[in-house]
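First up is the structure itself, then whatever we jot down about it.
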Amino acid sequence: MAEENQTTTTAGRVDRAFSNTPGGSGTAGKTTIADGVVSKVAGIAAREIPGVYALGGGGARALGAIRDAVNATDLTQGIKVEVGETQVAADVTIVVEYPAPIQDVATQVRDHVADAIHRLVGLEVVEVNVDVNDIHIAGEDDNNEESSRVR
């Protein structure tokens, strides 16, 4: 039974208004999508962009490397989302592979993440903020003896 005097609370970046509109199937009900689901969709979409080396800050990447080693990859690493009833906002932290054009990679990540969330989750994306945390240079992470000055 729908309440006649519903209050609309808007806190943060997304619309959290309650909607009692059926999803087009003619059957009344409500679908709730967990923030973690939206985060995974955004994380997978961001990783699909050429030039994205990794997601998350330094500490998150170090912990992610440990997770990867035990086959427990965190697809939400570097992703923060705020999910409302009809809208979502996302913050994505990336590391760009050198020499990829940083602005182009960030724009592609923004567009692809917004498209994936809208297409797969069905929510309106109000913003996708991309934070380029670092740039990765090939060979930088290699433990090569020749690059060490001390033996």
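Observations on the structure shown:
- Spin-label pair LYS30/ILE102, simplified geometry with 7 Å Cα→Cβ offset, distance in nm: 4.3 nm
- Carbon and sulfur %, accessible surface of the range 77-118 computed with the full protein complex present, 1.4 Å: 51 percent
- Accessible area ranking (1.4 Å probe, heavy atoms, ligands and nucleic acids excluded), largest first, for LEU55, LEU75: LEU75, LEU55.
- Using the Cβ-Cβ distance between ALA69 and ARG119 with R0 set to 25 Å, the FRET efficiency from 1/(1 + (r/R0)^6) comes to roughly 0.15.
- The stretch between ALA138 and ARG13, if pulled fully straight at 0.36 nm per residue, gains 41.3 nm over its current Cα-Cα span.
- With all protein chains modelled, accessible area of ASP134 [1.4 Å, Å²]: 60 Å²
The values are calculated or read from the model by the stated rules, or taken from the named source; none is laboratory data. This one's a predicted model, so the numbers in the text were calculated from it and none came from an experiment. Backbone-built Cβ (ideal geometry, glycine too); neighbour counts: all protein chains shown. Calculation scope for accessible area: heavy atoms of the full protein, side chains included, ligands and nucleic acids excluded. Shrake-Rupley method; radii C 1.70, N 1.55, O 1.52, S 1.80 Å.
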